[in-house]
Each structure stands twice: as C-alpha cells, then as structure tokens.
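The values are calculated or read from the model by the stated rules, or taken from the named source; none is laboratory data. For clarity, every value in this text was computed on a predicted model and none was experimentally measured. Cβ: placed from backbone, ideal geometry, glycine included. Neighbour counts: every protein chain shown. For accessibility, only protein heavy atoms count, side chains too; no ligands or nucleic acids. Shrake-Rupley method; radii C 1.70, N 1.55, O 1.52, S 1.80 Å.
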Amino acid sequence: MRSIKTSEPIQTGGNGEFPPNRAQEAFTHLTRLARDLGPNRQLPTVAELRERLDVSTVTLNRVLEQMELQGIIVRRHGVGLFVSPTMQRSIALVYNPHFFDGPEVSPFYRIMLEQIRFYVAEHDFSFSLHFSTPDDPGRPFFDDFLRIIEERRIQGVVGVGLTGEAIDLLTHHQVPVAGLNDVRIDMESLTYEATEYLIERGCQRIALLAPFQVMDTVRDGYRRALTANDRFFDEGLIHDARRLGDPEERRGRLTYWDQGYVHAQRLFGKESQGTSPDGIVSPSELFSQGIVVGLRDLGIAIGETVHVATHANEGCPVLAPWGDRIARWEVSPTELARLLLQELIRRMEGGSPESERPVHRARCRLPGPLTP
C-alpha cells in the first residue's frame, strides 16, 4: 500500500470508506465518540487520544484534520477539541410491522410516528425509520439495521412493539432504547374519572366493558369510583370476552371492535338478561367503536337510553361520528412522543432507567358539538 504523506487527506475507497489501517480505526473510533457525546461537547486532549488510540502524533493529526473537513469536530486554539455544533446525533424509530397491518389497525401509531418525527427535528437529531422482524426467531432486525447498530451509526432507539430479544440485542451493543412500556398511561385514573362522570349523570347501572387483554389494568379504577360514591360494586356488570361463552381459541382471534360489538348485542339485544346498563365505561376506543355501532344497529339512543364514557386518542377519527353524544378521555400521542423522547435522551446522556416511569394522564372531553 502506498504511504500517505502528512499533508494529504486520508484517502477513501470507492465506497467512501477508509482503507483498513490505523488511521481508519482511529477515525471510526473518534467519530463514534463524537456522536455519542453530541454537539459542542469537549473531546479528550490530543495526548489522551494518542495514548487511548495507540497511534502516532502524525497519524492522529491527519485523522483530526479529516474530521474537521467533514464537520465532525472543531479545534478551539488554547481550549481543546470539541464536537461540531452542527454534528447531529442519530435516533432510529423501530416499529413492529404488525402495528400497521392485520384486521384492526389504530391510527394512534401513525399519529405518534409523525409526532416523534416532529420532536426529533425540533431538537436537531437525525432520524430514520425501520421495522423489526418479530416473526423470525433469532433474527430480531433486518441485516441493514444490524449493520447500523454494529457500526454505532445511531445513538438511540425508540422501539414500538419490540420483542425482548430485540431489546437484549440493542442493550448488548450499548444502544440506549426506550419504548411505550417506559411511559405509563394512567388507565386506572381514566377509568375512575369516566365512572364518576356517569354517576354524576345519574346512571344507576354502570357497566365496565373492556377487551380481556386490558381488563386487569382498569377494573380497580372502576371499583374505587363506585365505592367512593357509595355505589354497590356488582361483578355482574363487568364484561370482557371471557364472558362471551366462546371457545378460548376464538376469543383470542376477536379484534377489539368485534369484542365491543358482540357485547353491545349481548347486553341490549334479544340475548340480554335482566335490566340493561344505563351507563358504559370502556378503556379502548376501538372497542368503544364496536359498542356504539352495535347500539346503533339495535336502535339504542346513545346519550339518552345509555351514556358512554370512553378512552380515545387525540386526533384519531375513530369515534368522531359520536363525539357529540359520548364523553372521551383523550390520550395525547404528542405528549406520549415527548415523554418517550425525553426518556430516551436521558438514557443517551448516561441516565439509567427510572424506577418510576413517566406518567401520562388523559384529558376529558365532554359530549358537545364537533369543532373543525
């Protein structure tokens, strides 16, 4: 290999990469270090870098010159080496593809994706979108994203629906990751407030209808609201798919919408037994959409015969046709994106996962005329 004179820039191959030598190794190491530190952060001294990288002064100076030319670092005479203020840290958003396919896809995840992109742009991070491979055991990511991880071209990952195997791989490569499980939506308070709202409306038989996948996280709020308002807690008014009388394998295939629709038919249709509820609490907007469509098909007047208080996602049109007749507790994708990115940035800057997750509380929107 031809020797490289001190005055020459470090040569690259046709793919823009350095040839495999000590200069390339030093350049790669220092570029990763600069990305990890972030804009305007100070690097170790030249003497410290020379010792750490085990390179000569001549080699290190050539590497630093090239990094200056590429806008990665700046030298401040008499002060030291600093990461360039225009150096962007890179964040990857990695989605489980099942959140965008299948028989039931909530607009929530698309809206949240857009909010994460806005937040990242406002904070001058570069951003890329990737999909995981949840159905391929032993291979949680596609090969191109694995290379990005191994080469440390990203400094943090926002994960939506990642498997434990995927998270373990990121942790192994020391890539900070934060996901929706790291931000807690206060569903117990949502259910409590929704139940209390129906009590204030004068409802006497308030049913909790929920997908069986989330029932265990919401029943305590419902129970507490009834007890706090001197109402009898009746287990017979709690319904999820486990009470539909269907085989286990069929219940597992029912979408949230299906579960809500069948419950409405069972509680208010020909199969209803005894007095039907005059109030319904639901912790899922897709489930609630099934409920209100089922009530409509039965000719039940929502807001008159039965009042509905439900979870909703801000900006999602799922329940918009009934917005003037139902009370909604809206979860904000914008706020969730902010909390999630703040947690990721905190971890990127060296913080360990908090024992108490950031909490998001839904905002109540009472029935009323729809606004454009």
The residue from A26, A34 that alone is modelled with pLDDT under 90, farther than 30 Å from A178 by Cβ and not in a loop (DSSP other than H, G, I, E, B) is A26
Kindly list the number of the only condition in (1) open to solvent by 30 Å² or more (accessible area, probe 1.4 Å); (2) part of a helix (DSSP H, G or I); (3) closer than 18 Å to V175 by Cβ that fails for I148.
(1)
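Mind listing just one residue for me: the one in the range 19-57 that is of a type in the set (G, A, S) and touching a helix residue (DSSP H, G or I) at 6+ places or on another chain (Cβ under 6 Å) and, of those, nearest to I345 (Cα to Cα)?
Step one: of the range 19-57, the residues of a type in the set (G, A, S) are 23, 26, 34, 38, 47, 56.
Applying the additional criterion that residues be touching a helix residue (DSSP H, G or I) at 6+ places or on another chain (Cβ under 6 Å) yields 23, 26.
Working: A23: 31, A26: 26 Å.
Step by step, filter the range 19-57, then rank; the result is A26.
If you check R223, R243, which single one turns out to be out of contact with any Gly (no Cβ under 8 Å at 6 or more places or on another chain), at pLDDT 95 or above and open to solvent by 10 Å² or more (accessible area, probe 1.4 Å)? Don't jump to the end; show me each part of the working.
On the way: R243 fails: at pLDDT 95 or above.
Step by step, each of R223, R243 is checked, and only R223 is out of contact with any Gly (no Cβ under 8 Å at 6 or more places or on another chain), at pLDDT 95 or above and open to solvent by 10 Å² or more (accessible area, probe 1.4 Å).
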Please go through the range 151-188 and pick out each residue that is polar (S, T, N, Q) and surrounded by fewer than 16 Cβ atoms within 10 Å (Cβ to Cβ).
T171, Q174, N181
Name the pairs: first residue in the range 285-308 and at negative phi, second residue basic (K, R) and open to solvent by 30 Å² or more (accessible area, probe 1.4 Å), Cβ to Cβ under 8 Å, at least 6 apart or on different chains?
I302/R296; I302/R325; H307/R201; V308/R325
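Under the condition of being in a helix (DSSP H, G or I) and surrounded by 14 or more Cβ atoms within 10 Å (Cβ to Cβ), which residue from the range 42-51 is nearest to the chain's Cα centre (by Cα)? So that I can check it myself, show each step before the final result.
Going residue by residue through the range 42-51, those that are in a helix (DSSP H, G or I) are 46-51.
With the extra rule that they be surrounded by 14 or more Cβ atoms within 10 Å (Cβ to Cβ), the set shrinks to 46, 49-50.
Values: V46: 41, L49: 38, R50: 41 Å.
Step by step, filter the range 42-51, then rank; the result is L49.
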Of all residues being charged (D, E, K, R) and farther than 19 Å from F287 by Cα in the range 190-219, which is least open to solvent (accessible area, probe 1.4 Å)? Just the residue, please.
E196
Which strands (runs of 3 or more DSSP E) sit wholly inside the range 254-366 and have at least 2 residues that are open to solvent by 40 Å² or more (accessible area, probe 1.4 Å), modelled with pLDDT of 90 or more and not hydroxyl-bearing (S, T, Y)?
363-365
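Results for (1) closer than 17 Å to E343 by Cα; (2) of a type in the set (G, A, S); (3) within 18 Å of the chain's Cα centre (by Cα), shown as yes or no for each residue.
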{"position": "R89", "(1), (2), (3)": "yes, no, no"}
{"position": "H98", "(1), (2), (3)": "no, no, yes"}
{"position": "V105", "(1), (2), (3)": "no, no, yes"}
{"position": "D124", "(1), (2), (3)": "yes, no, no"}
{"position": "D135", "(1), (2), (3)": "no, no, no"}
{"position": "V157", "(1), (2), (3)": "yes, no, yes"}
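This table checks each residue for (1) under 21 Å from the mean Cα position of the chain (by Cα); (2) free of Cβ contacts under 8 Å to residues at least 60 places away in the same chain.
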{"residue": "G179", "(1), (2)": "yes, no"}
{"residue": "L190", "(1), (2)": "yes, no"}
{"residue": "C203", "(1), (2)": "no, no"}
{"residue": "V218", "(1), (2)": "yes, no"}
{"residue": "A225", "(1), (2)": "no, yes"}
